[in-house]
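**Q** Can you keep this structure in mind? I'll have questions shortly.
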Amino acid sequence: MPVSRNGDSALYAYFKPKSAIAEAFRTLRTNISFSSLNRPFKTIMTTSAGPLDGKSTVTSNMGVVMAQAGSRVLIVDCDLRKPVMHKNFETDNHRGLTNLLVQDLDIAEVIKPTRVEGLSLLTSGPIPPNPSELLGSLKMKNFLEKAAGMYDIVFIDSLPVIAVTDASVLAPLVDGVMLVVKSGATKIDMVKEAKNQLKKAKARIIGVVLNEVKMKSEDYHYYYYYKSRNKPSKEVVL
């Protein structure tokens, strides 16, 4: 089983559905649904300012709770430098997104089912020498459009914004972007720079998730905060 830094599975919403963390992801699911009433988000990219902010954990669990609500969900690992989705879902990464784009494979040939009903996964595949070029290609754009027609929602796990250009290249191809920030670790200047880069890339930032805020009580270890562009801020204390 994949293990996070605190020794628990990364799929909190699946393995611990009654936990406060799982409930926070369900609240985030509700907030996203309310913020997209006029224009449903079919493709959502998750990114962060820097590494180790928890973006992949957020992506994984959002896929789980969306599927648990009855949606047909696809998670695409677009981190073509340090992919982790195959570890989170305990599957291989021999073939994936890079094979689809380079070898012109059909989506059905590379998508994998997961233990969560209604949730499918497209791993990164072999790490290519030119990630940014692949992600910004016409083939990638066409794939996302096709995937959006096959699934109710597609979550895209991308690299941090500041590290490389991958996230900025993907941003204009998706309906919305969630920016994940780690409390006590991510510097404010980095968050501002990440936001500016996404804006320059014409990204539609739909919200910010603040995670891993330590609470005094031993029973509450995380705090998730989501801010939508169109709704008042909402907070969940875990």
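**Q** Could you tell me how many of the residues in the stretch 54-78 are of a type outside the set (Gly, Ala, Ser), in contact with an Asp or Glu (Cβ under 8 Å, 6 or more places away or on another chain) and crowded, with 24+ Cβ neighbours inside 10 Å?
**A** 8
**Q** Moving on to the next point. Evaluate the stretch 153-169: report whether one residue or more is within 16 Å of Thr47 (Cα to Cα), of a type outside the set (Lys, Arg), part of a helix (DSSP H, G or I) and in contact (Cβ under 8 Å) with a residue 60 or more places away in the chain.
**A** Yes.
**Q** What is the residue count in the stretch 39-53 for residues that are buried (at least 24 other Cβ atoms within 10 Å of the Cβ), of a type in the set (Gly, Ala, Ser) and in a loop (DSSP other than H, G, I, E, B)?
**A** Here the count works out to 1.
**Q** Sticking with this one: Here is a check on your reading of the model: is Thr114 polar (S, T, N, Q), within 21 Å of Val181 (Cα to Cα) and buried (at least 20 other Cβ atoms within 10 Å of the Cβ)? Quick ask: steps written out before the conclusion?
**A** Numbers: polar (S, T, N, Q): yes; within 21 Å of Val181 (Cα to Cα): no; buried (at least 20 other Cβ atoms within 10 Å of the Cβ): yes.
So Thr114 does not fit the description; no.
**Q** Being modelled with pLDDT of 75 or more, more than 19 Å from the chain's Cα centre (by Cα) and surrounded by 15 or more Cβ atoms within 10 Å (Cβ to Cβ), is that true of even one residue in the stretch 18-37?
**A** yes
**Q** Any residue at all in the stretch 201-217 that's among the β-branched types (Val, Ile, Thr), assigned to a helix (DSSP H, G or I) and modelled with pLDDT of 90 or more? If you could, list the steps in order and put the result at the bottom.
**A** Within the stretch 201-217, the first condition is being among the β-branched types (Val, Ile, Thr), and the residues that meet it are 205-206, 208-209, 213.
Then keep just the ones that are assigned to a helix (DSSP H, G or I); that gives none.
There is no residue in the stretch 201-217 that is among the β-branched types (Val, Ile, Thr), assigned to a helix (DSSP H, G or I) and modelled with pLDDT of 90 or more.
**Q** Open to solvent by 30 Å² or more (accessible area, probe 1.4 Å), within 24 Å of Val64 (Cβ to Cβ), hydroxyl-bearing (Ser, Thr, Tyr) and in contact with a strand residue (DSSP E or B) (Cβ under 7 Å, 6 or more places away or on another chain) - does that describe any residue in the stretch 180-195?
**A** Yes, that holds for at least one residue.
**Q** Still on this structure: Just give me the residues in the stretch 148-172 being touching a Gly at 6+ places or on another chain (Cβ under 8 Å) and open to solvent by 40 Å² or more (accessible area, probe 1.4 Å), in sequence order.
**A** The initial filter retains those residues of the stretch 148-172 that are touching a Gly at 6+ places or on another chain (Cβ under 8 Å), namely 155, 160, 162-163, 169-170.
Passing the criteria: Ile162, Ala163, Val169.
**Q** Those residues that are small (Gly, Ala, Ser) and part of a helix (DSSP H, G or I), I need them from the stretch 54-66; list them, please.
**A** Ser56, Ser60, Gly63
**Q** What's the total number of residues in the stretch 117-146 that are open to solvent by 30 Å² or more (accessible area, probe 1.4 Å), outside any loop (DSSP other than H, G, I, E, B) and of a type outside the set (D, E, K, R)?
**A** Adding up the residues that qualify gives 2.
**Q** Gly125: in contact with a helix residue (DSSP H, G or I) (Cβ under 7 Å, 6 or more places away or on another chain) and under 18 Å from Leu138 (Cα atoms), yes or no?
**A** No.
**Q** Return the residues of the stretch 67-109 that are within 21 Å of Leu159 (Cα to Cα) and part of a helix (DSSP H, G or I); say none if nothing qualifies.
**A** Those that are within 21 Å of Leu159 (Cα to Cα) and part of a helix (DSSP H, G or I): Met85, His86, Lys87, Asn88, Leu97, Thr98, Asn99, Leu100, Leu101, Val102.
The values are calculated or read from the model by the stated rules, or taken from the named source; none is laboratory data. This is a predicted model, so every value here is computed, not measured. Ideal geometry is used to build each Cβ from the backbone, glycine not excepted, and the neighbour counts take in all protein chains shown. The area values use the complete protein model at the heavy-atom level, side chains included, leaving out ligands, DNA and RNA. Shrake-Rupley method; radii C 1.70, N 1.55, O 1.52, S 1.80 Å.
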